[in-house]
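Inspection log for the structure reproduced underneath, given as structure tokens.
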Amino acid sequence: MSQTKVAPKEVGKPAKNFDVGSWLVPVIAVLVAMSLAAILMRLQGSNPLTAYKSLFTTAFGSAAGIGATLGKSTPLVLSGLAVAVGLRAGLFNIGAQGQLLSGALAAAWAGVTFEGLPGYIHIPIALIVGAFFGSIVAGISGFLKAYRGVHEVITTIMLNSIVMGIADYLASHQLREPDQFLTRTSEIQASAKMPVYAHLPLGFFIAVALAGAIWWILGRTTSGFRIETVGRNRHAAWYAGISVKRTVISAMLISGAIAGLGGAVETLGITYRYAPAFNLGLGFDGITIALLGRVHPLGIIPGAILIGGMRAGAANMQFDSGVAPELVDLLMALILLLVTAPLITRFFKNSSNKSMTSGWGS
């Protein structure tokens, strides 16, 4: 049987055309979520204008505040990219949390173990080690999906729990800081600490550069075209001669490597050690960031900066206006709900159309 060849001109197309309507959805979602949160603030007896002014002034009103915001945003950009790459391949990788934790722990080990190296060698080695272990965790799900048909949502959820347990065990025993009762590793070597330039963390520039690279790969290369094609229609991809199994595994490996890199950057640039409490929720926040950015590599950056700014200014907002500290988490939950609502509606609409149009002759 002859196979249909994919036209070369398709490879040069952008990953996704700019659609003003689709980009209005996250903007409206953020505005509506902030309005609902303002109502809750008023019910608490707090002034919403004071709260939001404190939030955004702290996050974006000074060089130190912008630096703190970008530091909070860096792992969010990378975890959002990890989720987005999976979604573009038709895979829902909700295991970014476990992949990020494995990368954070591996980078901490590399930062402590390799001594006497200059920073320009030690930092890349630690980043590569973190990305490698993140890709291994995600690759397990990709292999099971490709060759055993196991849904990636199930395997990534299970691997999250497994990785968390293993990481906690290692941080409590083999990699535990000597003479320390807390569950954490030793502080990494000075040569492994990522520098900060004028309050701007190096990790953020790495994350932005990687987002640009992923955008270019998805829109301008044959490898990206394979990922996009498999994500849109696996049957058509197979008929066009694309190896679906290989593409699924490759997409999961790339997704896991990006998430692992996010954990490594968090360890080398923020915490300087691995401690379980420092990285909780970063991988799951990547789902919100990916959807807020419309699963576009470049759109993820402003979404991550917004959420990072909320994280950076939450404490001052609480002190200045008296709002509950959980309000930022509530804001993120409302944003996620409102961003995903159109996707849920479209899913049920498509399911309804399929059920009405299917019949004896279909």
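Please treat every number below as a calculation from the coordinates, not as lab data. For clarity, every value in this text was computed on a predicted model and none was experimentally measured. Because the Cβ atoms are built from the backbone with ideal geometry, glycine has one as well, and the counts that use them run over all protein chains shown.
Just to be sure I understand: with springs between alpha-carbon atoms less than 10 Å apart, which residue in P75, P302, P178 has the highest mean-square fluctuation in the Gaussian network model of the chain?
Highest fluctuation among the options: P178.
Would you calculate the volume per residue, in Å³, of the smallest convex hull containing every Cα atom of the chain?
It is 170 Å³ per residue.
Please give the Cα centre distance for the stretch 33-68 versus the stretch 121-167, rounded to the nearest Å.
Each part's Cα centre sits 36 Å from the other's.
Taking the Cα centre of the chain as origin, work out the dipole magnitude from +1 charges on Lys and Arg Cβ and -1 charges on Asp and Glu Cβ, in debye rounded to 20.
The calculation lands at about 1440 debye.
Identify which of G111, G65, G283 has the largest mean-square fluctuation in a Gaussian network model of the chain, with springs joining Cα atoms closer than 10 Å.
Judging by the Gaussian network model, the answer is G65.
Report the gain in length on full extension from I39 to T113: 0.36 nm times residue separation, minus Cα-Cα distance, nm rounded to one decimal.
Full extension from I39 to T113 adds 21.5 nm.
Can you give me the convex hull volume of the Cα atoms of the stretch 164-225, divided per residue and expressed in Å³?
166 Å³
Per residue, what volume in Å³ does the Cα convex hull of the stretch 170-278 take up?
146 Å³
With a ≥ b ≥ c the root eigenvalues of the C-alpha gyration tensor of the stretch 218-320, is it rounded (a/c under 1.5), prolate (a/b larger than b/c) or oblate?
Because a/c hits 1.5 or more and a/b exceeds b/c, the stretch 218-320 counts as prolate.
Would you mind telling me which residue in L87, L327, L268 has the biggest mean-square fluctuation in a Gaussian network model of the chain, where springs connect alpha carbons within a distance under 10 angstrom?
Among L87, L327, L268, the largest mean-square fluctuation in the Gaussian network model of the chain belongs to L327.
So if we plug the beta-carbon distance of I162 and N47 into 1/(1 + (r/R0)^6) with R0 = 56 Å, what FRET efficiency do we get, rounded to 0.05?
0.75
Computed FRET efficiency, Cβ-Cβ of A277 and S243, R0 30 Å: what is it to the nearest 0.05?
0.10
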